[in-house]
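**Student:** Got a structure for you, questions after.
The values are calculated or read from the model by the stated rules, or taken from the named source; none is laboratory data. Remember, it's a predicted structure, so these values are computed and weren't measured experimentally. Reconstructed Cβ throughout: ideal geometry from the backbone, glycine too, with neighbour counts over all protein chains shown. Each accessible area value is taken on the protein alone, full model and side chains, heavy atoms only, with ligands, DNA and RNA left out. Shrake-Rupley method; radii C 1.70, N 1.55, O 1.52, S 1.80 Å.
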Amino acid sequence: MFLNDNLKIFSGSSNPELAGGVCKYLGIGLGGVKIDRFPDGEKAIKLEDDVRGRDCFVVQSTCIPVDEHLMELLIYLDCLRRASANRITAVIPYFGYARQDRKDEGRVPITAKLVANIITAAGADRVLTIDLHAAQLQGFFDIPVDHLTGELVLSEYFRDKNIANLVVVSPDVGNIKMAARYVRHLGGDLAIVHKRRVSGERVEADEIIGEVEGKNVLMCDDIIATAGTVCSAANLVRERGAKRICIGATHGIFAGQALERLAKTPVDEVVVTDTIPLTEEAKNVGSIKVLSVAAMLGETIKRIHRNESVSSLFNSI
Ligand code: R5P
């Protein structure tokens, strides 16, 4: 693949394997950088490559530890700007804080907007991200945002499995459109679970619209955080007679009680992407499978670099 040395890809410390996969796809090496700490714990970043006038991309998911990865991204952006990069794209495969996107009660912040503001202020000219919790979060940025979806790699995986007697289940009403796209892609029926969030950790699934009895379930979500949403929905569909249950989600955070919950739930397979690296504990869970978004990100970066269309990548969804 021909790419001139005007293109530079750098990696933050959140997800170096994914950044490496992107570079492999593009056939270029990772940009040189030294990420260190001052004795008091402050991060210190020094670029080891010349970036003057270059088209630079920094790959950094703002996953756990969220604030540390976010701060590192901000320092990286400032560093590239002060080193005279021509254009800087923040590649944020998983954008943390996305779920704090509205004032749903008094005296709370809209932290997703705050984060969008500081990323822009730090020097990003563009953002490339995957499955923001809500697509309209793109509007929180006043710079161009290329918003990709993990559905492309997930639905290809499930299509190859050719699941018979399939019902695609949305584990809450917020994911209905995503589930409908899976149905368009894979066939089968659609069902929707109604969930009630009791707290950040606890949700209760209380009703299903649609038929799941005797069917094989594919449950789709954007995020598995504490796994409360998918586990309570999986328990309910099993109670109502579902057979095999697979879960497909773009971002596998697996925080809090997630792994214990999944172990106690009748789920056959949990498929996530590598927007977030698996924790060591999650790596030991046999039912969790990870698909890579490296090629999708690499192809998109190539197109952004060449000023080619990105949306045509997704015409099949
Ligand atoms: C909710 O609106 C999202 O789509 C996910 O279902 C939710 O964020 C997952 O969180 P948890 O795994 O903690 O239930």
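**Student:** If I filter the range 270-286 for residues that are at pLDDT 95 or above, touching a Cys at 6+ places or on another chain (Cβ under 8 Å) and in a strand (DSSP E or B), do I get at least one hit?
**Tutor:** Yes, there is a match, as at least one residue in the range 270-286 is at pLDDT 95 or above, touching a Cys at 6+ places or on another chain (Cβ under 8 Å) and in a strand (DSSP E or B).
**Student:** Considering only the range 242-280, state which residues are more than 11 Å from the ligand (Cβ to nearest atom) and either over 23 Å from the mean Cα position of the chain (by Cα) or open to solvent by 60 Å² or more (accessible area, probe 1.4 Å) (or both).
**Tutor:** The answer is 242, 243, 244, 260, 263, 264, 265, 266, 268, 280.
**Student:** Next question. Only one residue in 29, 106 is within 26 Å of residue 294 (Cβ to Cβ), of a type in the set (Gly, Ala, Ser) and out of contact with any strand residue (DSSP E or B) (no Cβ under 6 Å at 6 or more places or on another chain). Which one?
**Tutor:** On the way: 106 fails: within 26 Å of residue 294 (Cβ to Cβ).
Exactly one of 29, 106 is within 26 Å of residue 294 (Cβ to Cβ), of a type in the set (Gly, Ala, Ser) and out of contact with any strand residue (DSSP E or B) (no Cβ under 6 Å at 6 or more places or on another chain), namely 29.
**Student:** If I go through the range 184-214 residue by residue, how many of them are out of contact with any Asp or Glu (no Cβ under 7 Å at 6 or more places or on another chain) and either within 26 Å of residue 156 (Cα to Cα) or not hydroxyl-bearing (Ser, Thr, Tyr) (or both)? Before the answer, list the steps.
**Tutor:** Kept after step one, since they are out of contact with any Asp or Glu (no Cβ under 7 Å at 6 or more places or on another chain), are these residues of the range 184-214: 184-188, 190, 192, 197, 199-209, 212-214.
Filter once more, so that each one left must be either within 26 Å of residue 156 (Cα to Cα) or not hydroxyl-bearing (Ser, Thr, Tyr) (or both): 184-188, 190, 192, 197, 200-209, 212-214.
Within the range 184-214, residues that are out of contact with any Asp or Glu (no Cβ under 7 Å at 6 or more places or on another chain) and either within 26 Å of residue 156 (Cα to Cα) or not hydroxyl-bearing (Ser, Thr, Tyr) (or both) number 21.
Residue-wise test of (1) open to solvent by 40 Å² or more (accessible area, probe 1.4 Å); (2) within 16 Å of the ligand (Cβ to nearest atom); (3) touching a residue at least 40 places away in the same chain (Cβ under 8 Å).
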position: 112; (1), (2), (3): no, yes, no
position: 130; (1), (2), (3): no, yes, yes
position: 162; (1), (2), (3): yes, no, no
position: 166; (1), (2), (3): no, no, yes
position: 170; (1), (2), (3): no, yes, yes
position: 192; (1), (2), (3): no, yes, no
position: 203; (1), (2), (3): no, yes, no
position: 213; (1), (2), (3): yes, no, no
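**Student:** Let me ask something else about it. Only one residue in 70, 80 is modelled with pLDDT of 95 or more, part of a helix (DSSP H, G or I), more than 15 Å from residue 9 (Cβ to Cβ) and open to solvent by less than 70 Å² (accessible area, probe 1.4 Å). Which one? Even if it seems obvious, please write down each step before you answer.
**Tutor:** On the way: 80 fails: more than 15 Å from residue 9 (Cβ to Cβ).
Answer to the check: 70.
**Student:** Sticking with this structure for a sec: For the range 229-241, how many residues meet the condition of being open to solvent by 10 Å² or more (accessible area, probe 1.4 Å) and near the ligand (Cβ under 10 Å from one of its atoms)?
**Tutor:** Looking only at that region, the number is 2.
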